[in-house]
Structures are given as C-alpha cells and as structure tokens.
Amino acid sequence: MTENGLEHIAFIMDGNGRWAKNRGLPRQAGHVAGAATFKKVIEYCGSVGITCVTVYAFSTENWKRPAEEVSAIMKLFAEYLAEAEKFCMKKNISIHFLGSKAPFGEYAARMTALEEKTKDLGLTLNLALNYGGRDDIVHAVNKLIAEGKKEVTEDDITSSLYTSHCPPPDLIVRTGAEKRISNFLLWECAYSEFYFSDVLWPDFDEKQVDLCVEEFGRRKRRYGGV
Ligand code: FPP
C-alpha cells in the first residue's frame, strides 16, 4: 500500500470521446489515446505502492453505443489481450476480468488462460469489461442459489462477486468532470472515498495519480463510526 494507506484504487475512465472531439477526431481516436493512458497509469500505480487497480473499460450498458465505436473498443481489447501476457509477466501484474466473458466468444478462453497464467503475481489489475454493478450482484445471488442457499449474508455476497479476490476500493476516481457512479462497484463502494477530476481520461497522467493519492491521505475514514 502507499504511505498513506491506499491499497485499492478504481478508475472510471471517462472523457475519451470529448478528448477526441476537442481535436476534431473520431471518438475511436479518444479510446486509442485512453488505452495508452490506461497502460501508463497501471504501471505508475504499482510503482507508488498501490496493490490493486480496477478500471472500468466497458459496461453492460456500453453495448448500446454505435456498432462502429463498440468494435473499435473491442479491437483495442484484442490488441491488449495479444500483448497482455508478456506485459503482465514482465511487470508482475495479476489480471482479473470483472463481468461475464460470454459475449467475447473465441476470446473468452484466452481471457481465462491469462487469468490462470498471471495468478498470484504482484499488482492485481481488475479489468471491468461487460461489467455492471447490478449485474454482478444478481450474478452473485444466482450463484448462491445454485449452491443451495435459502438465505444469504453480506459475507456470502461479497465472496461471490467478481471482485471476491480483492479488498473493496479505498478510492474511486472518475475523470472527465461527470459526478456519478454509472453502475460501477455498487456493492464494493459502500465505504469508498470518491475523487472527481475534470481531466479527460487521455490527459490523465502520473501527476494526476499523485494528486489522487495525496487527496486520499487527507480523508478521514470512519466507516459509520465516530
Ligand atoms: C468512457 O469515455 C470510456 C469508455 C466507455 C471506454 C474506455 C476504454 C478505454 C480507456 C480503452 C479500452 C482499453 C482496453 C484495454 C479495453 P466516453 O467515451 O464516455 O467519453 P465521453 O464522455 O467524453 O463521450
């Protein structure tokens, strides 16, 4: 963890489309720039002592975007998947996908293999892809029903979510000036701190991560106590 106790940071990487529009470029160009920022930020987070990073790459609702944009993001993902094993082994990163892999067809098996291959490495990277917080809770409850549970506890749900391998996020960062949760980590965010940045995701950098960590250090967490 960082000197001020930050273990798990989560990012809503918003603003790719506006970043591209500001430059007279197609939205897809914003996602290309956003993917480069994603790689840079993950690495930097690891270097400052953060042990878990979660990024919201594609929500269960993002399928509603124009087909051209969806396929541009999927192309970026396919490129990432091709290089991810080498990158994760080199940088000591353990990757986990949050969300059902079913829509990814031929890639689903490769995603599972990547999770297996990078299991128990240093920094945990959760890639939320086809992810929705509500969908995750429903998925967890259905899993418990399938196991024969008639009544569930909070611990049962926590340990059946896609994030069961990691602690809840200490800090959730949303870039791109919007201030909403957008169906991200709904169960896990119960006691998270929130940080909203006006910076568009492609412009986010190491300095911005430092600002997040510093601000986290100023927060007083009480978890409902006094
Ligand atoms: C939100 O910005 C961003 C997304 C929905 C996609 C995020 C994807 C990446 C950063 C690249 C994907 C990388 C991998 C490895 C899958 P927006 O498009 O809603 O921006 P806007 O609010 O300005 O329109």
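The values are calculated or read from the model by the stated rules, or taken from the named source; none is laboratory data. Just so we're clear, the structure is a prediction, and the values are computed from it rather than from any experiment. Cβ atoms come from the backbone with ideal geometry, glycine included; neighbour counts cover every protein chain shown.
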Does segment 1-52 hold any residues that are touching a strand residue (DSSP E or B) at 6+ places or on another chain (Cβ under 7 Å) and among the hydroxyl-bearing types (Ser, Thr, Tyr), and which are they?
51
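Applying the selection to segment 40-70, what residues are within 18 Å of residue 213 (Cα to Cα) and among the charged types (D, E, K, R)? If you could, list the steps in order and put the result at the bottom.
First pass over segment 40-70, keeping only residues within 18 Å of residue 213 (Cα to Cα): 40-55.
Across segment 40-70, the qualifying residues are 40, 43.
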Give the residue, chosen from 76, 81, that is out of contact with any strand residue (DSSP E or B) (no Cβ under 7 Å at 6 or more places or on another chain), within 19 Å of residue 128 (Cβ to Cβ) and near the ligand (Cβ under 7 Å from one of its atoms).
76
Out of the residues in segment 21-31 meeting the condition of being within 8 Å of the ligand (Cβ to nearest atom) and touching a residue at least 40 places away in the same chain (Cβ under 8 Å), tell me which one is farthest from residue 201 (Cα to Cα).
27
Looking only at segment 187-194, decide whether some residue is closer than 19 Å to residue 35 by Cα and part of a loop (DSSP other than H, G, I, E, B).
no
Can you find even one residue in segment 107-120 that is surrounded by fewer than 20 Cβ atoms within 10 Å (Cβ to Cβ), closer than 18 Å to residue 82 by Cα and among the polar types (S, T, N, Q)?
yes
Are there any pairs with C-beta distances below 9 angstrom linking a residue in segment 183-210 that is polar (S, T, N, Q) to a residue that is part of a helix (DSSP H, G or I), with the two at least 6 apart or on different chains, and if so which?
183/133; 183/134; 183/135; 197/208; 197/211; 197/212; 208/41
Select from segment 92-102 the residues that are outside any loop (DSSP other than H, G, I, E, B) and within 18 Å of the chain's Cα centre (by Cα) and list them in ascending order.
93, 94, 95, 96, 97, 98
Hits in segment 179-226 - residues which are within 22 Å of residue 49 (Cβ to Cβ), of a type in the set (D, E, K, R) and under 18 Å from the mean Cα position of the chain (by Cα)
188, 193, 205, 206
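Results for (1) closer than 22 Å to residue 182 by Cβ; (2) among the β-branched types (Val, Ile, Thr); (3) modelled with pLDDT of 95 or more, shown as yes or no for each residue.
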site	(1), (2), (3)
33	yes, no, yes
55	yes, yes, yes
74	yes, no, no
80	yes, no, no
89	no, no, no
97	yes, no, yes
106	no, no, no
